[in-house]
Structure formats: C-alpha cells, structure tokens
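What follows is a short report on a single structure.
The values are calculated or read from the model by the stated rules, or taken from the named source; none is laboratory data. Small disclaimer: the values here were computed from a predicted structure and weren't measured. Ideal geometry is used to build each Cβ from the backbone, glycine not excepted, and the neighbour counts take in all protein chains shown. Side chains are part of the model used for accessible areas, which takes the heavy atoms of the whole protein and leaves out ligands, DNA and RNA. Shrake-Rupley method; radii C 1.70, N 1.55, O 1.52, S 1.80 Å.
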Amino acid sequence: MKRIDADWLNSADTQRVFTVLAAAGHQAFAVGGCVRNTLLGVPVSDIDIATSATPEETTRLARSAGLKAIPTGFEHGTVTLVSGKTAFEVTTFRHDIETDGRRAVVVFTNDIREDARRRDFTMNALYVDAAGGVQDPLNGLPDLLARRVRFIENADARIKEDYLRSLRFFRFHAQYGDPGQGLDADALAAIASNLEGLDSLAGERVGAEMLKLLAANDPAPALAGMFSTGALSAILPGASLQWVAPLVHLEGEAVQPPDPLRRLAALGGLDPTDRLRLSRSDAKKRNQLTDFVSNLTGLSEIAWRHGTSVAWSVILLRQALTEQPLAPNTASLIERAAKAEFPLKARDLLDRLQGPALGAALKRAETAWIKSDFGLDREALLEIALKE
Ligand code: ATP
Ligand code: MG
C-alpha cells in the first residue's frame, strides 16, 4: 500500500478526529484535495474527512470528546468539527440517488467505493487513513501521478449530475494538469455537448471555480480548452484568449505573483460581475484595471495613488495588450512612485487660502508635482499653488 507522511495528517488535531470516530468502530479517511495535494507535493488548504458514521453519530461522538460540532451541511452528510485550531469537514460516505444538475439527493452508505463514485475526478477520489495508508478504490493514483484530470467513469453522466463539474474540470487542469499532455478528449466532448447546463448554475459557484482557475500559475492551456468547447463564451461572453498568454509571460519576467482579477481583466468581454457574483471589492478591482488599461493615466501616478500592486497589474496588462516588452526600469519606477510623499500640506497654505480656492491650489500643485515625476520640492510647489 502506498503511504503518505504529512504534518497535517500527523498533527494532534487531525489524529484526534480519527480517534474519536475509530474508537466507536467507524471508518474514517482524509479525502480529496488534501490527499491529492500531498501526493503532488503542493500545499494543502483544507482537510475533508469521509466516514461511515452518520452526521448524528459524528456530532454525538465529537461532542462527548469535547470537540465543537457545527451542522454545516447536515442533509448532505456534512458536519464541521473543530479540533484544536483546525476545522475539519466531516462527511458521511454517501451516494447520490437523484440529481438535477445542480443539487443531489443523497443516501448514506458504509461503502467507500460508492462514496468514491459520486466524486468528480479520479484524482479527487483518493483516501488516506490515520496512519497514512492510501486507499484508491477507483484507480486514481496513476492519473494523479501523470497529472491527468479525468472524470470518474462516464464524463457525460458526471456532468449531467452536476454541471459545475465542467468548470471544475478546467480548474483542476489549470492547477494540477500536465500542460504538455493536453486535455482529456472525452471530457472536452462531453463539456461541449452540455453547455446549456452552465446557465443554471449559481453565480457564486461559477465565480469560485473561475477565480481558482485564473489564480493558477498558467491558466492559458485550460482557458484554451474552455474556449474551444464554448464554455468560456457561455460564462464570459465576448472573452478573448488573445492577451492571456502574453500577460502570463510578462508576469513571469517581472516575477509578479498570479492575480486572478488581472487575468480576468485580460480576458475582456462583458462585465463579469453578475455572472461570477464577484464581491464588491473584486468587481471594483477588475473594473479599475479595465479602466486604467485603456486610459492615459501615467504609471507613476497610478503607483502613487493606488500602490504597487495595482500599478504592476496595469503595466503588465498594457504591455500585454500592445505586445510590448516591459521597460527595464519598471520596477524602480513603481517602487519610487509608491513611496513618494507630496511635500505640500493644506496647513502650508491656510494663512493665504481657504475653501474651494485652497482645494484648487493644492490640486494644481499636485498635478505639477506628478508631472515633474515627483521632482518639485516644497518651495516650488508653494509658488505654483499661490500663482492664480
Ligand atoms: P481545493 O484544494 O480547491 O479545496 P478540493 O479537491 O478539496 O480542492 P473541494 O471543492 O474542497 O475541492 O471538494 C472536496 C472534494 O469533494 C473533492 O476533491 C471531490 O472529491 C469532492 N467534490 C467537491 N465538489 C464536487 C462536485 N461538484 N462533484 C463531485 N465531487 C465533488
Ligand atoms: Mg477542499
């Protein structure tokens, strides 16, 4: 049996959850992302546990052991247990008996294989026991090690059970797929013939998958697959792939971390705020980038007013869209502008000006200061401010 050894698995908090369930004779396994990521050697974000215990039983056992149990998705079999500082989503082994493409009616089971078959991709159906032993009921390990995202059994059937899986396919390919290998042909065909189902999905589910996809190191190959199947236009009408690869290339040159909203801005098309149910701050960020890319505000002014991260996004997008390389002094220009401090204060002018006249004078001095590339000193600015 293949074994894994990982801090998150060996930690006292995790082991306590296993012990609580095992002591009552139940099976319990960590499953999904935590197992997949550990086997790939990438960081684990959250820990999901699958168990033969019913949600009631899990709750009772956890509480009598002094753990907090929160019924976060009771009818789907999920209870969140808090052990020490960690939250665990504990879900009863289940299979779906009725699906409508968005929600499922589930029944509980104590068969790990049935639990595995209701999941989406072979690489997401790997389990690990408390001692690190890997259980692979559907032979997902070879796919995972080859970085091959494949639907469990029949792609078309899996998608009709839950249309979100079409988007998850591209998301997991972007995060964990082998870009050299291309996307699974059966999956692409099934996604292309089930596009209408995407319309029924709630914005927040679509948005969460798209932002994860766009945060991957290189989302371009997955986006190309999304485009060729028609899924990209179904979610983001008018989106174009053209600028994504040049953007990702420039990000690499500038050693700037991936930013999903910067990539979203590069896709263009209609405003995605509603379809992706973006948070207010995300929508604002995306729209701000879209505006700056097409107006003439200088880079140093952007860096000074909005900080280094917005400035980097704008210059990367501008250079990608115009197919220009980055100027070698970009980093120093941004750093310097973001740190610059306007040397004139309202109080420097208060004895001479008030109200709207004061505001206009400060504005005039500020404009001149920015134009001078932050070179004008306090004396020079005073003179400009006081000149009618
Ligand atoms: P992440 O690192 O993004 O959390 P993850 O694999 O843990 O990745 P989750 O969305 O947290 O992804 O889901 C946990 C597990 O539940 C998945 O690995 C998969 O086995 C199963 N799962 C989640 N969503 C679906 C779905 N829509 N259809 C089928 N199985 C799903
Ligand atoms: Mg997860």
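Of the residues in region 25-50, how many are more than 16 Å from ligand 2 (Cβ to nearest atom) and closer than 24 Å to ARG118 by Cβ?
The total comes to 4.
Within region 117-136, how many residues are out of contact with any Gly (no Cβ under 7 Å at 6 or more places or on another chain) and away from ligand 2 (no atom under 16 Å from the Cβ)?
Result for region 117-136: 9.
Taking region 180-206 on its own, how many of its residues are over 27 Å from ALA146 (Cα atoms), of a type in the set (A, V, I, L, M) and either open to solvent by 20 Å² or more (accessible area, probe 1.4 Å) or touching a strand residue (DSSP E or B) at 6+ places or on another chain (Cβ under 6 Å) (or both)?
Number satisfying all stated conditions: 2.
Test GLU301 against the stated conditions and say whether it is in a helix (DSSP H, G or I), out of contact with any helix residue (DSSP H, G or I) (no Cβ under 7 Å at 6 or more places or on another chain) and surrounded by 13 or more Cβ atoms within 10 Å (Cβ to Cβ).
no
Just to verify a result, which residue in region 145-179, among those that are open to solvent by 40 Å² or more (accessible area, probe 1.4 Å) and closer than 20 Å to CYS34 by Cα, is nearest to the chain's Cα centre (by Cα)?
GLN175
Collect the residues in region 213-241 that are buried (at least 18 other Cβ atoms within 10 Å of the Cβ) and either of a type in the set (Ser, Thr, Tyr) or modelled with pLDDT under 95 (or both), keeping them in residue-number order.
Correct list: THR229 only.
Since GLU323 meets every condition but one in (1) part of a helix (DSSP H, G or I); (2) more than 23 Å from the chain's Cα centre (by Cα), which condition does it not meet?
Here GLU323 meets the rest and fails (1).
Under 8 Å between Cβ atoms, which residue pairs at least 6 apart in sequence (or on different chains) link something in region 196-225 that is touching a residue at least 24 places away in the same chain (Cβ under 8 Å) with a partner that is assigned to a helix (DSSP H, G or I) and open to solvent by 50 Å² or more (accessible area, probe 1.4 Å)?
Here the result reads GLY197/LYS160; GLU209/ARG168; LYS212/GLN175; LEU213/GLN175; ALA216/GLN175; ALA220/ALA245, each pair linking region 196-225 to a residue that is assigned to a helix (DSSP H, G or I) and open to solvent by 50 Å² or more (accessible area, probe 1.4 Å).
Does ARG119 count as at pLDDT 95 or above, crowded, with 16+ Cβ neighbours inside 10 Å and part of a helix (DSSP H, G or I)?
no
Just checking, which of ASP96, ASP5, ASP13 is part of a loop (DSSP other than H, G, I, E, B), among the acidic types (Asp, Glu) and away from ligand 2 (no atom under 16 Å from the Cβ)?
ASP5
Scan region 99-110 for residues that are open to solvent by 60 Å² or more (accessible area, probe 1.4 Å) and either within 16 Å of ligand 2 (Cβ to nearest atom) or of a type outside the set (A, V, I, L, M, F, W, C) (or both) and report the count.
Adding up the residues that qualify gives 4.
Hey, any hits in region 267-278 for a residue that's in a helix (DSSP H, G or I) and of a type in the set (S, T, N, Q)?
no
Every residue, every condition in (1) surrounded by fewer than 23 Cβ atoms within 10 Å (Cβ to Cβ); (2) more than 21 Å from ALA125 (Cβ to Cβ); (3) within 16 Å of ligand 1 (Cβ to nearest atom), yes or no:
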| residue | (1), (2), (3) |
| --- | --- |
| PHE18 | yes, no, no |
| LEU21 | no, no, no |
| LEU39 | yes, no, yes |
| THR72 | yes, yes, yes |
| THR86 | yes, yes, yes |
| VAL90 | no, no, yes |
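Of all residues in region 326-337, how many are in contact (Cβ under 8 Å) with a residue 24 or more places away in the chain and part of a helix (DSSP H, G or I)?
7
Please work out which one of (1) open to solvent by less than 50 Å² (accessible area, probe 1.4 Å); (2) among the polar types (S, T, N, Q); (3) away from ligand 1 (no atom under 12 Å from the Cβ) is the condition GLN135 fails and give its number.
It fails just one condition, (1).
Please verify whether GLN27 is away from ligand 1 (no atom under 16 Å from the Cβ), in contact with a strand residue (DSSP E or B) (Cβ under 7 Å, 6 or more places away or on another chain) and more than 26 Å from ARG148 (Cα to Cα), treating the condition exactly as stated.
In short, yes.
Of the conditions (1) open to solvent by 50 Å² or more (accessible area, probe 1.4 Å); (2) in contact (Cβ under 8 Å) with a residue 40 or more places away in the chain, ARG113 satisfies every one except a single condition; which number is it?
Unmet condition: (2).
When the residues of region 45-70 are filtered to those that are in contact with a strand residue (DSSP E or B) (Cβ under 9 Å, 6 or more places away or on another chain) and within 13 Å of ligand 1 (Cβ to nearest atom), which remaining residue is most open to solvent (accessible area, probe 1.4 Å)?
ASP46
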